[in-house]
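The values are calculated or read from the model by the stated rules, or taken from the named source; none is laboratory data. All of these numbers come straight from a predicted model, not from anything done at the bench. Because the Cβ atoms are built from the backbone with ideal geometry, glycine has one as well, and the counts that use them run over all protein chains shown.
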Amino acid sequence: MTATNPGPAGSGPVVDMCDAELMRDPYTGYARLREQAPLVRGLMPGVDPAWIVTRYEDVQRVLSDPRFVNDRANVPGIRVPNMREQVLRAHEIPGEYWKYRLLRMDAFDGAEHTRLRKLVSQAFTVRRITELRPRVEEIADGLLDRLPGIAEDGVVDLIPHFANRLPSAVLCELVGIPDHDRPRWEEWYAAIPPTAAPEAKAAAWRALVPYARSLIERRRAEPGDDLVSAMIAAQDEDGERLSDTEMIAMMVMLGLTGPHTNATFIGNGVLALLTHPEQLALLRRRPELMPRAVEELLRWCGPTQVVPRTRFATEDLEIGGMPVREGEAVWVVLAGANHDPARFDDPERLDITREPASPRESHVAFGGGAHHCLAAAQARQDAEVAFEALLRRYPDITLAADPSLLGRDPMPFQWRLTTLPVRL
């Protein structure tokens, strides 16, 4: 892990968050930073430096303290850089489509965030998620049934053929993408990530936005039991509806970028189980441990390493005894918090019987505070179904490659496998 030129006076070196070593092994890299100091300056290409927060207690505080905001406009009297725009520019997303990323629910704070979350949350109630489970199981079984026909000499790559496709299909069900439109939706799903080619991103956005607008109009005329219909019908206490631009931003966040996170976790979780045979054997003997296993896997190899939404301090304060000035930006490192020995005993050990330290989840894989992941229940359910179905359908499944040689996308925010060959 390398460091560039020093940051502001007294802040020490600036860590390159796109450093190849750090992205390859973020847990080791962020552990070093966690031991070094409560705050370290971090830098990404095209984005202004920000503080990196890695310790569990400090991460929890930033996530829950209302003095840290997601919207830079809520920093009183200080003009701070729009780091989200900087990230979008660095990812080469065409400027005319930025509004569909900048108007996401997690871009706002306070009353505006509450308004948007309230209008969208109807699609993610416990009842709706539970009712969807049989359909998730059906989708998973269908994908697994196709694997032998795709395999070569009994080996198949689970990332494109299972881990990616299950969450995408499930979110299509939730959003309300008709069956005949799903091949196009999956093409856009593949073109949206930061690692996709710029021309592919531009082409996807040019096709996606008109399609989303037409789907909204269709659902206005013929409502269904889906997210788009719920957003159209939902009204807050003042009767204010979501704008079409806000609805498209929600569709992109939940239906296109959301599945990538769930897919990343399924891939990480399968690899973790296959490389920890004693834990896999225990889970086979005691399938009732699956919910606890999912929580431990979220802690141990969760998909999101760094919260992509930068937080801004609205006043001078301290983190871990170090000063953060009003208007300064902070990156929250979930990977550092979830492996912090000050919170978790022997944090590098994968233990599917590990009990949480409190009645609520101990890990921060889904963030925290007002911006706790809205789709957390769906992500958990997708993972449970995926692991259960895979182990039931292919009880002798083994890894077909050296785990140290498996590729990952070069992304500072997520720890995403590009391939996961298994022998069925």
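Might you check whether a residue that is in a helix (DSSP H, G or I) and in contact with a His (Cβ under 8 Å, 6 or more places away or on another chain) occurs anywhere in the range 276-295?
First, the residues of the range 276-295 that are in a helix (DSSP H, G or I): 277-285, 287-295.
Then keep just the ones that are in contact with a His (Cβ under 8 Å, 6 or more places away or on another chain); that gives 295.
Checked the range 276-295: at least one residue is in a helix (DSSP H, G or I) and in contact with a His (Cβ under 8 Å, 6 or more places away or on another chain).
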Legend entry - Selection status of residue 314, among the hydroxyl-bearing types (Ser, Thr, Tyr) and either farther than 29 Å from residue 74 by Cα or in contact with a Phe, Trp or Tyr (Cβ under 9 Å, 6 or more places away or on another chain) (or both): yes
Legend entry - Where residue 156 falls short, out of the listed (1) modelled with pLDDT of 95 or more; (2) part of a helix (DSSP H, G or I): (2)
Inset, instruction - Can you tell me which residue among 372, 363 is buried (at least 19 other Cβ atoms within 10 Å of the Cβ) and not aliphatic (A, V, I, L, M)? - result: 363
Legend entry - Every pair of residues 6+ apart whose Cβ atoms lie under 6 Å, when the first sits in the range 67-86 and is closer than 21 Å to residue 371 by Cα and among the polar types (S, T, N, Q) while the second is at pLDDT 75 or above and not in a loop (DSSP other than H, G, I, E, B): 82/72
Inset, instruction - Search the range 399-424 for residues being part of a helix (DSSP H, G or I) and not hydrophobic (A, V, I, L, M, F, W, C), and hand back the single one that is modelled with the highest pLDDT. - result: 403
Legend entry - Filter result for the condition that a residue is closer than 30 Å to residue 50 by Cβ and either surrounded by 20 or more Cβ atoms within 10 Å (Cβ to Cβ) or modelled with pLDDT under 95 (or both), over 252, 294, 228: 252
Legend entry - Residue that is over 26 Å from residue 348 (Cβ atoms), of a type in the set (A, V, I, L, M) and touching a strand residue (DSSP E or B) at 6+ places or on another chain (Cβ under 7 Å), where the choices are 14, 47: 14
Legend entry - Near pairs, Cβ below 7 angstrom, 6+ apart or cross-chain, from the range 365-382 (over 19 Å from residue 333 (Cβ atoms)) to any residue that is crowded, with 22+ Cβ neighbours inside 10 Å and small (Gly, Ala, Ser): 375/258
Legend entry - Which numbered condition residue 114 misses (of (1) over 27 Å from residue 200 (Cβ atoms); (2) at pLDDT below 75): (2)
Inset, instruction - State whether one or more residues within the range 386-398 are in contact with a Pro (Cβ under 9 Å, 6 or more places away or on another chain), assigned to a helix (DSSP H, G or I), within 22 Å of residue 257 (Cβ to Cβ) and among the acidic types (Asp, Glu). - result: no
Legend entry - Which numbered condition residue 193 fails, given (1) surrounded by 14 or more Cβ atoms within 10 Å (Cβ to Cβ); (2) of a type outside the set (D, E, K, R); (3) part of a helix (DSSP H, G or I): (3)
Legend entry - Where a residue in the range 197-210 is under 14 Å from residue 252 (Cα atoms) and without any contact (Cβ under 8 Å) to a residue 40 or more places away in the chain and its partner, wherever it lies, is of a type outside the set (Gly, Ala, Ser) and in a helix (DSSP H, G or I), with Cβ under 8 Å and at least six apart: 204/187; 204/188; 207/184; 207/188
